[in-house]
Amino acid sequence: VSDVLVLCYHAVSPVWPAVLSVTPERLEAQLAFLVARGWRGVTFHEAVVRPPRGRVLAVTFDDAYHSVFERSWPVLRRLGLPGTVFVPTAQVNRWAPLRWPGIERWSAGPHAAELTPMSWDDLGELAACGWEIGSHTRTHAWLPRLDDAELYRELVDSREAITTRLGEPCRSIAYPYGAVDGRVAAAAAAAGYTAGAALSAGCLLRQATLRWPRVGVYHRDGAVRFAAKASVGMRRVRAAPAMARRSWT
Ligand SMILES: [Zn+2]
């Protein structure tokens, strides 16, 4: 029997006060807490499709912020954990800040550099060290709103970009904003994905491979709240409809 915990982080910064950013110290404390309790790290795909027995932890990062390469990779390496990065493929390697509704308020001002994406070289280096690189669509689109042709392009083009750039199969996707419905999940399967990452909200009562619930970890999560979020009971509560809420990253 496996107990699977999938965490969803975004950026890692000692100074950025955004909801989606955690400090390197907190990231390390949170993950060390789980490792000390016997959680064993695997990639997202492995956690969902063929989890080993026991407590299985996948640490995922959405959006491919450069800060993940710079500040979280050393933390995960020290703890012996592989990571998974979900990449909006049309947004990386442009030497321009990541940009979509929800983060654009940070694109000017003192924290603008936090929106710098990883390059394909960065992603290739992580992949060579055992990280999984998955799709976060092409443009970070809200998928349920797209028509079939646009949806297909977001899913297929991003998967092909990763396969071509990194020379390895891309098998997992994280839906931007956690936004997924039955049509989107079916399209992801048709596009060749075998694992899909959502967030713990709304209708995610069970763990389905193409709509896998993740626990989002945010700026204000201190030790007590993190431990509660990561506990099995809390994950069940958070997956119930009464706790439904929208995430915006
Ligand atoms: Zn995102």
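Numbers below:
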quantity: Members of the stretch 52-98 found to be crowded, with 17+ Cβ neighbours inside 10 Å and free of Cβ contacts under 8 Å to residues at least 24 places away in the same chain, listed by number; calculated: 97
quantity: Residue 196 vs. criteria within 30 Å of residue 74 (Cβ to Cβ), within 16 Å of the ligand (Cβ to nearest atom) and not in a loop (DSSP other than H, G, I, E, B); calculated: yes
quantity: Qualifying residue in the stretch 151-160 (condition: crowded, with 17+ Cβ neighbours inside 10 Å, of a type in the set (Phe, Trp, Tyr) and assigned to a helix (DSSP H, G or I)); calculated: no
quantity: Any chance residue 141 is among the aliphatic types (A, V, I, L, M) and either crowded, with 24+ Cβ neighbours inside 10 Å or more than 15 Å from the ligand (Cβ to nearest atom) (or both); calculated: no
quantity: Residue selected from the stretch 173-193 under the condition touching a Cys at 6+ places or on another chain (Cβ under 9 Å) and either modelled with pLDDT of 95 or more or among the basic types (Lys, Arg) (or both), by the criterion farthest from the ligand (Cβ to nearest atom); calculated: 192
quantity: Filter result (assigned to a loop (DSSP other than H, G, I, E, B) and out of contact with any Lys or Arg (no Cβ under 8 Å at 6 or more places or on another chain)) within the stretch 161-178; calculated: 167, 168, 169, 171, 175
quantity: Some residue of the stretch 157-172 being aliphatic (A, V, I, L, M), at pLDDT 95 or above and more than 16 Å from the ligand (Cβ to nearest atom); calculated: yes
quantity: Of all residues making up the stretch 205-249, the number that are closer than 23 Å to residue 101 by Cβ and modelled with pLDDT under 90; calculated: 6
quantity: Per-region count, the stretch 96-137, residues within 14 Å of the ligand (Cβ to nearest atom) and within 14 Å of the chain's Cα centre (by Cα); calculated: 4
quantity: Residue within the stretch 25-48 that is assigned to a strand (DSSP E or B) and surrounded by fewer than 20 Cβ atoms within 10 Å (Cβ to Cβ) present; calculated: yes
quantity: Tally of residues being under 16 Å from residue 67 (Cβ atoms), at pLDDT below 90 and among the polar types (S, T, N, Q) across the stretch 92-142; calculated: 1
quantity: The stretch 54-95, residues that are away from the ligand (no atom under 16 Å from the Cβ), touching a helix residue (DSSP H, G or I) at 6+ places or on another chain (Cβ under 9 Å) and in a loop (DSSP other than H, G, I, E, B); calculated: 80, 81, 82, 93
quantity: Qualifying residue in the stretch 121-137 (condition: touching a residue at least 12 places away in the same chain (Cβ under 8 Å) and at positive phi); calculated: yes
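The values are calculated or read from the model by the stated rules, or taken from the named source; none is laboratory data. Quick caveat: nothing in here was measured; it's all calculated off a predicted structure. So basically every Cβ, Gly included, is an ideal-geometry build from the backbone, and we count neighbours across all protein chains shown.
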